[in-house]
Amino acid sequence: MSTTHAVAGGFDIKTLAVELQTMGVRTREAVEGRQGGAGPSDAGFVWIDGAPLTVPVNGDYVSRSPYELVMHSSGKAGRLLRDGVEIGPVHLHPRPKIYDLETADGVPYWKIALMHLDSLASTVFQRCVYWGTGDQCHFCAIGTSLAGGRTIPLKTPELLAEVAEAAARLDGAKDVTLTTGTPNRDDRGASYMARCAAAIREASGLPIQVQLEPPNDFGWFARLKDSGVESLGLHMEVWDQDVLRRVAPGKHAQGRALYLSAWESAVEVFGRGQVSTYFILGLGESAESVMEGCRAAIDRGVYPFVVPLRPSPGSIVADGEPPSVEYMREVYEQVAPLLADAQMMSQDTRAGCVRCQACSALSTFERAFGGGRDGEPAPVGA
């Protein structure tokens, strides 16, 4: 598929990206991806027209999708169909080589960290003080991975460093993303994340993003940077305070003012565009409130990573539906030019979800302004 011409059926990459991420794609074949966890999950990893995408392949709503992926016999590529009409080719990301390795104690590497296309990602602390309480985030499924035996409770700095070094060497990993369940209500895990980042940086040299709630002491931002962290995620999730109170009461209790102050302090340390926040669409908020939040973030040098709700099994909203294609496209069309005007495009972020872009279609809208990802990475050893 070309980046400059409409693909079959009049679809361009923006339309495909938005529709695939909100509707999902039906497939009879196993697609390399991620199940459960603290962030966007239950999706397959694919490349379409040079754009990295995580595309839902599970869930009741996916069974109603007009899209179908038909695999070639090689298992490395396939054809994308919409209502039975071929749209174009899809390239699958190969099974990472590190998934066949394990530690000296017999822990599979894939239980320590996962490859998200060309990014290595790990939930360092697989539990959260909010999980199973009235403060639990409705969209989160962090407890399901551990219950399903797909991970271990705590990743040590040594384990993460071992896997990161192998991922860079064997699978061409370009960066590392470390997220965490909130282990306490003080530093929110910042001290432990700094230790992990330092070990990873020494072993692999890869740029690192850390994602966590704002710690009570913003001095942790400088300490995280000193440990080797180059990008920081401080995720408000929802700008509308009434919606946030309903779907993430633990985060709401901290107050919007804390997040705004944390954003500003973090940007002073990491620089414009190296701090990001998730905004999840489809939880009952309005497009107007989303744009108010995106403008507030961009004005402070924070990249708003806009993603559709992906109802995850095991989460409180597991039976929910993703937002409409029209709604997502409306927001993307407004956010991309704001990022361009602010000269804060995704390709300038050194590590993390914004650099990867696979869980959002925003990167495809940045292309109109000279930004976004365009082109699959060369195979390791090429």
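With the condition kept exactly as written, say whether any residue in the stretch 99-121 is acidic (Asp, Glu) and over 29 Å from residue 201 (Cβ atoms). Break it down stepwise before answering.
At the first step, the residues of the stretch 99-121 found to be acidic (Asp, Glu) are 100, 102, 105, 118.
Filter once more, so that each one left must be over 29 Å from residue 201 (Cβ atoms): none.
No, that holds for no residue.
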For the stretch 81-95: of the residues being in contact (Cβ under 8 Å) with a residue 60 or more places away in the chain and of a type outside the set (D, E, K, R), which is farthest from residue 53 (Cα to Cα)?
85
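From the list 258, 224, which one is surrounded by fewer than 23 Cβ atoms within 10 Å (Cβ to Cβ) and of a type in the set (A, V, I, L, M, F, W, C)?
Values: 224 fails: surrounded by fewer than 23 Cβ atoms within 10 Å (Cβ to Cβ).
None of the others qualify; the one that does is 258.
Run down 47, 131 and say which single residue is in the same structural domain as residue 360 (by TED's automatic domain parsing), surrounded by 17 or more Cβ atoms within 10 Å (Cβ to Cβ), within 22 Å of the chain's Cα centre (by Cα) and aromatic (Phe, Trp, Tyr). Break it down stepwise before answering.
Working: 47 fails: in the same structural domain as residue 360 (by TED's automatic domain parsing).
Just a single option satisfies the conditions, and that option is 131.
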Residue check for residue 336: crowded, with 18+ Cβ neighbours inside 10 Å, part of a helix (DSSP H, G or I) and under 20 Å from the mean Cα position of the chain (by Cα)
yes
Of the residues in the stretch 275-320, those that are more than 25 Å from residue 150 (Cβ to Cβ), surrounded by fewer than 21 Cβ atoms within 10 Å (Cβ to Cβ) and in contact (Cβ under 8 Å) with a residue 60 or more places away in the chain come to 283
Residues (surrounded by fewer than 18 Cβ atoms within 10 Å (Cβ to Cβ) and either closer than 17 Å to residue 23 by Cα or at pLDDT 90 or above (or both)) located in the stretch 80-89
83, 84, 85, 86
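Could you list all residues from the stretch 52-75 that are in contact with a strand residue (DSSP E or B) (Cβ under 6 Å, 6 or more places away or on another chain) and small (Gly, Ala, Ser)? I'd like the intermediate steps shown before the answer.
Step one: filter the stretch 52-75 for residues in contact with a strand residue (DSSP E or B) (Cβ under 6 Å, 6 or more places away or on another chain), giving 53-57, 62, 65-72.
Answer for the stretch 52-75, where residues must be in contact with a strand residue (DSSP E or B) (Cβ under 6 Å, 6 or more places away or on another chain) and small (Gly, Ala, Ser): just 65.
Picking from 297, 318, which residue would you name as being hydrophobic (A, V, I, L, M, F, W, C) and part of a loop (DSSP other than H, G, I, E, B)? Walk me through it before giving the result.
On the way: 297 fails: part of a loop (DSSP other than H, G, I, E, B).
318 is the lone residue from the list that is hydrophobic (A, V, I, L, M, F, W, C) and part of a loop (DSSP other than H, G, I, E, B).
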Just the residues that are in contact with a Ser or Thr (Cβ under 7 Å, 6 or more places away or on another chain), without any contact (Cβ under 8 Å) to a residue 60 or more places away in the chain and under 21 Å from residue 140 (Cβ atoms), please, taken from the stretch 181-198.
188
Answer yes or no as to whether residue 62 is among the β-branched types (Val, Ile, Thr) and not in a helix (DSSP H, G or I).
no
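The values are calculated or read from the model by the stated rules, or taken from the named source; none is laboratory data. Please read all numbers here as calculations on a predicted model, not as lab measurements. Cβ atoms come from the backbone with ideal geometry, glycine included; neighbour counts cover every protein chain shown.
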